[in-house]
Amino acid sequence: VQLQAYGGGLVQTGGSLRLSCACPRRTCSNNAMGWFRQAPGKEREFVATIGWRGGDISYGESAKGRFTVSRDNAKNTVYLQMNSLKPEDTAIYYCAASRSATGSSQMTQYAYWGKGTQVTVSS
């Protein structure tokens with residue numbers, strides 16, 4: 001199973017990035033999707049999740065008000081729009097496919113994980 005997150009890069013504080021995650025239909029059809037991140041020396045943390053039909057959206061505290069998760073099922077792609085980026089947002093960002101159609105903040109609910117994409121926010 002190949003999930004691939006892309007769109008990361010280097011951006012200045014206050015800038016924006018849009019991450020994308022391509023997920024094979026056989027894996028992500030009828031499944032919620034999630035975004036997580038892991039900064040150096042820290043545990044992986046929940047960023048956002050979206051249900052199969054595009055509802056059931058929730059965000060981690062660090063993402064609220066700045067990040068927006070969305071999906072296009074016709075393109076088998078999930079997005080994470082990140083605005084007002086801060087240096088503390090620097091991390092590797094991962095997308096994951098849930099075991100169910102309902103979104104969750106719990107990593108244990110996700111069966112498939114993609115390779116991450118690096119986001120670096122300079123001060």
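The values are calculated or read from the model by the stated rules, or taken from the named source; none is laboratory data. Bear in mind that the values here come from a model prediction, so they are computed numbers and not experimental data. As a convention, Cβ positions derive from the backbone with ideal geometry for all residues, glycine included, and neighbour counts pool all protein chains shown. These accessible areas exclude ligands, DNA and RNA; they are computed on the full protein's heavy atoms, side chains included. Shrake-Rupley method; radii C 1.70, N 1.55, O 1.52, S 1.80 Å.
Loop-only check: which trypsin sites (Lys or Arg not before Pro) in segment 23-96 are DSSP coil with at most 14 other Cβ within 10 angstrom? Please report the intermediate quantities before stating the final value.
Working: sites: ARG25, ARG26, ARG37, LYS42, ARG44, ARG53, LYS64, ARG66, ARG71, LYS75; in loops: LYS42, ARG44, ARG53, LYS64, ARG66, LYS75.
Answer in residue order: LYS42, ARG53, LYS64, LYS75.
With only Lys, Arg, Asp and Glu charged, each at its Cβ (+1 for the first two, -1 for the last two), find how big the charge dipole of the chain is about the Cα centre; round to the nearest 20 debye.
Details: 14 positive and 7 negative charges, 68 e Å.
Around 320 debye, computed over the chain.
What accessible area per residue comes out for segment 17-57, rounded to a whole number of Å², with a 1.4 Å probe? Before the final figure, lay out the partial values.
Numbers: 2020 Å² over 41 residues.
Result: 49 Å² of accessible area for each residue.
So for segment 1-79, taking the charge dipole from beta-carbon charges (+1 Lys/Arg, -1 Asp/Glu), which of GLN2, ALA48, THR13 sits furthest toward the positive end?
My answer, from the dipole projection, is GLN2.
With each label point set 7 Å from Cα along the Cα-Cβ vector, what nm distance links GLU61 and ARG25?
Inter-label distance under the simple model: 4.1 nm.
If the only charges are +1 at each Lys and Arg Cβ and -1 at each Asp and Glu Cβ, what is the size of the charge dipole of segment 40-91 around the Cα centre, to the nearest 20 debye?
Details: 8 positive and 7 negative charges, 32 e Å.
With only Lys, Arg, Asp and Glu charged at Cβ, the dipole is about 160 debye.
Where q = 0.09, 0.14, 0.17 Å⁻¹, what log10 of I(q)/I(0) comes from the Debye formula for the chain, counting one point per Cα?
-0.20, -0.50, -0.74
Within segment 25-57, what residues put their amide N at less than 19 Å from the label point 7 Å along the Cα-to-Cβ vector of ALA101?
Counting only backbone N, you get 25-34, 49-57.
For the chain, give the share of DSSP beta bridges that are antiparallel, in percent and rounded to the nearest 5; count only bridges with both residues there.
Values: 34 of 39 bridges.
In the chain, DSSP labels about 85 percent of beta bridges as antiparallel.
About its Cα centre, how strong a charge dipole does segment 54-123 have in debye, to the nearest 20, once Lys and Arg get +1 and Asp and Glu get -1 at the Cβ? Provide the component values of the computation, followed by the final result.
Numbers: 7 positive and 5 negative charges, 27 e Å.
Dipole of segment 54-123, to the nearest 20 debye: 140 debye.
Given the options TRP35, PRO87, TYR59, identify the residue whose Cα lies farthest towards the positive end of the charge dipole of segment 26-118 (+1 on Cβ of Lys, Arg; -1 on Cβ of Asp, Glu).
Projecting each Cα onto the dipole axis, the largest value belongs to TRP35.
By a straight-distance test (C-alpha under 18 Å), which lysines pair with LYS64 as possible cross-link partners, with residues fewer than eight away in the same chain excluded?
Within the straight-line cut-off, LYS64 pairs with LYS86.
Carbon and sulfur: what percent of the chain's accessible surface (1.4 Å probe)? Please list the in-between numbers first.
Working: 2890 of 6220 Å².
Answer for the chain: carbon and sulfur cover 47 percent of the accessible area.
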